[in-house]
Amino acid sequence: MNEQMTPLEEIRHSSSHVLATAVLRLFPEAQLDIGPPTATGFYYDFDLDHKFTAEDLQNIEAEMKKIIKENQRFQRKEVSREEAVQIIKDFGQETYKLGRLDDVPEGDTISFYQNGDFIDLCAGSHVNYTKKIKAFKLLSIAGAYHRGDENNKQLQRIYGTAFATKDELEQYLTQLEEARKRDHRRIGKDMGLFHIDEAVGQGLILWKPKGAVIREQLQSFITGELNKQDYKQVFTPHIGKLDLYRTSGHFPYYQDSQYPPVIDRDCLAEFVSEGCTCSDLSNKMDDGEIDGYLLKPMNCPMHIKIFDSEPHSYRDLPVRLAEFGTVYRWEQSGELNGMTRVRGFTQDDAHLFCTEDQLQDEIKGCLDLVKTVLGTLGMEDYKVRVSLRDPNSDKYVGDAENWEKAENALRNAAKGLGVPFAEVEGEAAFYGPKIDFIVNDVIGREWQLGTVQVDYNLPVRFDLNYTGADNKPHRPVMVHRAPFGSMERFCGLLIEHFGGDFPTWLAPEQLRILPISEKVYEYSDKLYADLKAAGIRVTLDNASEKLGAKIRRAELDKVPNTIIVGAKEAEEGNVSVRSRFDGDRGTMKFEDFKTEFLELIASRKLQLKK
RNA sequence: GCCCUUGUAGCUCAGUCGGUAGAGCGCGUCCUUGGUAAGGACGAGGUCGGCGGUUCAAAUCCGCUCGAGGGCUCCA
């Protein structure tokens, strides 16, 4: 297959060949795997006993520059399979390339690209001469499993990027630099929003007072929207009996990603008296013989139990149970990342119990909510993925007819959203299809935010029923939905979205009063008390500094609004208003300012720093 | 979990060849009473992530360990 790449892809793809050429010059014993272009650059995977160092990277880069200067020509060669094997052997790259050759389907064209002495099995395409690579940079070294399988050998991957011009490369690098400044881990620390403490545990977020304000504001905003849609709030505990999660299937099927169970006292005592070893205990866990409690990995079983605690008529449906429910999952240590990938998190969870006929509307309601909330926050840059079943797999529960209905309901709802969406087969959960919302973080990584999932499975496992118009029991359909995923991830991405410049309604500190001198303290104290009483998150900067210094500090602290008061203002009951978003706004009556400010907060106005 | 990198004051970082720590910012006190992004003086703060080893002597060299970062794998 001769794939035609875009000009930029060709540059990057060719850069990766030049990279491999340089590595082989410096480390002839290296075995090559693959080196494709990516969305932001390129990489090449090498198998080599020598561990690449930062200096190696510099040397390799220098060698690449030489090769580019040599202006080698990229030449395509189409060969038979036998010739291909011979070329690979002659070039001494049997370890991985023969396997890669086997991947080329019988009947497809087998092609190599040669530049100078270097030759690589490759479908193409490439630039014609190495000098066409005008701007590239090697960025990092990383481990990567051969064929992405952790059972295979881990190779060394060198990442780099390349652009058509030096300017574009520079621009990309500064853009990366700028983005890193908005990293929620950086800002979270600087602004005192959250803390992760070794002594508490990896991936466990401590929300500091300022971060807690943001979370609280978001939660009350979301709750208000839920109430409009007639959701009912519930609360459930952090642990539940193992049997509950055996019934739901979570404990047996997802043990690896859960904290081990809290073993029941009596059960533990019995094992101790039997002289159980740790490995016995571990086996009993696998076999499900132990009794105890599980830190909940999901809220649904508890919400199901609330639903099932009383009989339901079709007239009661849909029932919508919502909770900011905290769940715990044992994520691999290498996967943890600030607030975006953690081990304990609070989902903006809800479970809807409805009839088949109501399904479509319920899904639409969920999507409307997402649109409203993300719109208010100005987070328009998200993708929607509709995850469907793999038609050739039998790993799914429920009958095909229900799947068909659920998938159609989701697809129709997604269409109505007015946002581009992709359908992906084989990505569905085992119990039903889903819609996911995906956003990018500042360094381009994709994160799944919320999800809306249709579930025919759990109502069966828990034998849920409602009485229909025909006076017979019917099975409800469940919708799991957490439109923003978790408060942790959502806030993390929100920090990056705003770069710490939160709109006034969300800002931990909404307003700072800057008295110009001690002479006006009486006046500034009065304003402070007044605004505080009005529920505004206001502070007073009584430091013995000049105004310029106080303004500077307020800006560095990212306080969205300041009012400056001196003798002039005190005399006339005025304040001089300064906004982080709009700059110096001049003088106005304090009462007018206060009214306007309260309105600004109540309207949850979106404010963006230019 | 795996590979690579990394860990010095609250933050950002310096610390050459091993000779028991330094800067800026921040913080505290005092002076200064000021008009839209840094007024001045003085001062307090560190078992150099932890444990062990080599050495007369370790922030520095070695081993182990914990955490963090970038990837890979995983993500109901």
Starting from 0.36 nm per residue, how many nanometres of slack lie between A:E82 and A:F430 once their C-alpha separation is accounted for? 120.9 nm
Which whole-number percent gives the relative contact order of chain A, counting Cα pairs below 8 Å spaced six or more residues apart? 10
Mind putting together the pair-distance distribution for region A:28-122? All Cα pairs, 5 Å bins, whole percent per bin, short to long. 3, 11, 18, 24, 22, 14, 7, 2, 0
For region A:239-294, convex hull volume per residue from C-alpha positions, Å³: 70
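Just flag the GluC sites (Glu not before Pro) in region A:365-431 sitting in loop per DSSP whose Cβ has no more than 13 other Cβ atoms within 10 Å. Display every interim value, and only then the final one.
Numbers: sites: A:E380, A:E401, A:E404, A:E407, A:E423, A:E425, A:E427; in loops: A:E380, A:E427.
The qualifying sites are A:E380.
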What is the diffusion coefficient of chain A in µm²/s, taking the Kirkwood radius over Cα pairs and the Stokes-Einstein relation at 37 °C with a viscosity of 0.692 mPa s? 114
With every protein chain present, what is the per residue accessible area of region A:7-181 (1.4 Å probe, Å²)? 51
On the Cα set of region A:371-515, report Rg and Dmax in Å, please. 19.5, 73
Hydropathy at least -1.0 by Kyte-Doolittle, axial extent at least 27 angstrom from the Cα trace: which helices of chain A, defined as entire DSSP H runs, fit? A:7-26, A:209-228, A:359-377
Given a Förster distance of 45 angstrom, what is the FRET efficiency for A:E177 paired with A:D230, based on the Cβ-Cβ distance and rounded to 0.05? 0.40
Expressed per residue, the solvent accessible area of region A:239-294 in Å² (1.4 Å probe) is about 60
Where region A:297-433 is the region considered: accessible area per residue in Å², 1.4 Å probe: 43
Check A:I513: other-chain or 5+ apart residues with amide H under 5 Å from its amide H, H built from backbone geometry? A:T539, A:L540, A:D541, A:I563
At q = 0.18, 0.19, 0.21 1/Å the base-10 log of I(q)/I(0) from the Debye formula over the alpha-carbon atoms of region A:209-338 is -1.08, -1.13, -1.23
Taking R0 as 41 Å, what FRET efficiency do you get between A:E591 and A:H195 from their Cβ-Cβ distance, rounded to the nearest 0.05? 0.55
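Order of A:134-141, A:42-49, A:333-340 by packing, highest average Cβ count within 10 Å first? Don't skip to the end; give the middle numbers.
Details: A:134-141: 18.0, A:42-49: 20.1, A:333-340: 15.9.
Ranking, from highest mean packing down: A:42-49, A:134-141, A:333-340.
Set the Förster radius R0 to 35 Å, insert the Cβ-Cβ distance between A:K51 and A:Q202 as r into 1/(1 + (r/R0)^6), and round the FRET efficiency to 0.05.
Values: r = 26 Å, r/R0 = 0.74.
Here the calculated transfer efficiency is 0.85.
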Alpha-carbon Rg/Rh ratio, for region A:7-181, with Rh computed the Kirkwood way: 0.96
Normalise the Cα radius of gyration of region A:511-603 by 2.2 N^0.38 Å (N = residues in it) and let me know the number. 0.98
Where does chain A land at 222 nm, in deg cm²/dmol rounded to the nearest 500, when only DSSP H runs of n ≥ 4 count, each adding -39500 (n - 2.57), divided by all residues? -11500 deg cm²/dmol
Have a look at A:A84, A:S16, A:T95 and report the one farthest towards the positive end of the charge dipole of region A:7-181, computed about the Cα centre with Cβ charges (Lys/Arg +1, Asp/Glu -1). A:S16
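The values are calculated or read from the model by the stated rules, or taken from the named source; none is laboratory data. The structure presented is a predicted model; accordingly, all values stated were derived computationally and were not measured. So basically every Cβ, Gly included, is an ideal-geometry build from the backbone, and we count neighbours across all protein chains shown. The area values use the complete protein model at the heavy-atom level, side chains included, leaving out ligands, DNA and RNA. Shrake-Rupley method; radii C 1.70, N 1.55, O 1.52, S 1.80 Å.
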